[in-house]
Amino acid sequence: MASTAAGKQRIPKVAKVKNKAPAEVQITAEQLLREAKERELELLPPPPQQKITDVEELNDYKLRKRKTFEDNIRKNRTVISNWIKYAQWEESLKEIQRARSIYERALDVDYRNVTLWLKYAEMEMKNRQVNHARNIWDRAITTLPRVNQFWYKYTYMEEMLGNVAGSRQVFERWMEWQPEEQAWHSYINFELRYKEVDRARTIYERYILFTLLVIVHPDVKNWIKYARFEEKHCYFAHARKVYERAVEFFGEEHMDEHLYVAFAKFEENQKEFERVRVIYKYALDRIPKQDAQNLFKNYTIFEKKFGDRRGIEDIIVSKRRFQYEEEVKANPHNYDAWFDYLRLVESDADAETVREVYERAIANVPPIQEKRYWKRYIYLWINYALYEELEAKDPERTRQVYQACIELLPHKKFTFAKIWLLYAQFEIRQKNLPLARRALGTSIGKCPKNKLFKGYIELELQLREFDRCRKLYEKFLEFAPENCTSWIKFAELETILGDIDRARAIYELAISQPRLDMPEVLWKSYIDFEIEQEEYEKTRNLYRRLLQRTQHVKVWISFAQFELSAGKEESLSKCRQIYEEANKAMRNCEEKEERVMLLESWKTFEEEFGTDSTKERIEKLMPEKIKKRRKLQAEDGSDAGWEEYYDYIFPEDTANQPNLKLLAMAKLWKKQQQESEAAEMDPDKDIDESQS
């Protein structure tokens, strides 16, 4: 019973709330805090007002305040705010000398404090102590030249005093320290306030030169501001020139879309719409897509204003990468799609992504081992190797790419000389000459080709390894003895090295080959070689040997011109004699055009060097050109009609004399016919003639 009574006593009695509805006026916590703050301010007693009635009380007050300030300074000299308060208090009492003394003491403590210099100079300016202020600013900019605020305040003070020349002088001192961008623009705006446009242009040029020489990554906006300055003052040609200089300076490595947008808008304002279009296209082709969003947007707006619908649609297309993926999925052996895809990836992706796409591309080996199917595929490997060398700067991976490509090619069936040569050139660039020689030697051993021999020989020539060149030429000519170019190059090498007998022996070996691809070039080179050596008798023997093999008209003409150019007294008679021999030799030639060429060359010679009798003789030898008809037959033997052609009749051919007489009689008969027809057409003329 006792415990139950104690439990009942512990339960507190809570008043029952009869009305639980919210009060009409609600009080927020913010309101409570605001009221508490207001009442707190009301409770604070106002500071006592001290009334000073005489000089002694004033001096006593000053002494107490100064002692307080000095005590504070003595306690902590580095707290500059104590010094500033002390000086400002002295300034308020018009004690300028004391304030100066305090500022000077403070500068001795911390001369790097910017606020201290500013307060000191402001005090002098407020009290119209101009020379003192100039002195302080000069000390400040000399001590802390990288604090731009000092320079701004100093130039502003001089400008407010009307000392434009002094302000300009301060700006020039400032520019010698090569300050940041805003300082240069302040100087430019200062000159523009006084209508000094030429001075402002000069400052712009100095600033642009400063950005070129000093700043590692100059900003595009400086060039744009310069161009807009020229445009604002109606110097449009200067503005265009500034934009062009900016484009040339930044090049393709540091292209910025803002520059091209500003350039295009300038040309748009000048109504040069074609220029605008060229600028946008040039930039879009070279700037990665993720960096050209603003450029793309402005180009779209421009085309909507001044372009056609198709141009707008072409600009809006932005799903190239997705399209390329779809193309290569549909046809993995579409190498053109891979090239376009790789070009896109290289422009805006990291190295790992590019390598991944290259690996996917080269995995699609042509299914047939025929060279025509591999011609496009091989360029994937070449581009991959060039990317690794030039873009990724990874020579080891480049070497692996070349070696993998060489292992993949079926050299017994076909090969690509360009791969071997590119690999050798890469090794040379890496200063690894033994590997380059080994690669070219392996290529010649596995799959010899003319291009491989030429590349190897060219390499050794550049290295001035002439003995190696001789050995390579010997191997080359064993492989392809019919290659006239190789014989000529070999002989030219020996000529350059001064071994004339060896060069002549090479030419003799060459012309003795049973089969040659360009014998006329070889003989011409041999003849030119002997002419250069001034071996005229050997040259004549060469011509005679050549004429034993061929009676071509060009050989005869060349022989005659050689005799003419020999420069001896009997050269004319020898030249005429060769023409005589050629004419006799070519009487039985079926190709009459060649004989005509010979006679025309002979005629040209006689017109220049001949006498009247020789000229008359060559005129008698010239053929007459006549038109004839002949029957044509188709491939199946049926008649295909008639064809007109020109034939030549030579007077000295005795077999053709009756034909010449018949031709002359036919011409006479035709002339008589034409005269009779003319007489019949005009009878009045005959009557008049009879009367007369």
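Taking all protein chains together, LYS225, LYS304, LYS16, LYS62 sort by accessible area into LYS16, LYS304, LYS225, LYS62, largest first [probe 1.4 Å]. Projection of the Cα convex hull of segment 462-578, averaged over all directions and equal to a quarter of that hull's surface, yields 7.9 nm².
Pairwise Cα distances in segment 28-100 exceed 15 Å for 70 percent of all pairs.
Largest to smallest in accessible area, the residues LYS18, LYS271 fall in the order LYS18, LYS271 (1.4 Å probe, all protein chains included). For LYS304, give me every one of the lysines with a C-alpha distance below 18 angstrom, ignoring sequence neighbours fewer than eight places off in its own chain. Once the sequence-local lysines are set aside, what remains near LYS304 is LYS265, LYS271, LYS281. Cα convex hull, segment 28-158: 192 Å³ per residue, rounded to a whole number. All C-alpha to C-alpha distances of segment 377-461, sorted into 10 Å bins beginning at zero, yield P(r) values of 18, 53, 28, 1 percent in whole numbers. Pairs with C-alpha atoms separated by more than 28 Å, drawn from the list LYS62/LYS153; LYS371/LYS475; LYS603/LYS627; LYS75/LYS119, are LYS62/LYS153. The equivalent ellipsoid that matches the C-alpha gyration tensor of segment 411-458 spans semi-axes of 18, 10, 9 angstrom, in descending order. For segment 120-240, the Stokes-Einstein estimate of translational diffusion at 25 °C and a viscosity of 0.890 mPa s comes to 158 µm²/s, using the Kirkwood hydrodynamic radius over alpha-carbon pairs. Spherically averaged projected area of the convex hull of Cα atoms, segment 130-171: 2.5 nm². For GLU370, the solvent-accessible surface with a 1.4 Å probe is about 80 Å², rounded to the nearest 10. Per q in 0.11, 0.17 1/Å, what log10 I(q)/I(0) does a Debye calculation on the alpha-carbon atoms of segment 402-518 return? After summing over all Cα pairs, the log10 values are -0.40, -0.86.
The values are calculated or read from the model by the stated rules, or taken from the named source; none is laboratory data. Predicted model only: the values in this text are computed from it and were never measured. Surface areas here come from the heavy atoms of the whole protein model, side chains and all, with no ligands, DNA or RNA. Shrake-Rupley method; radii C 1.70, N 1.55, O 1.52, S 1.80 Å.
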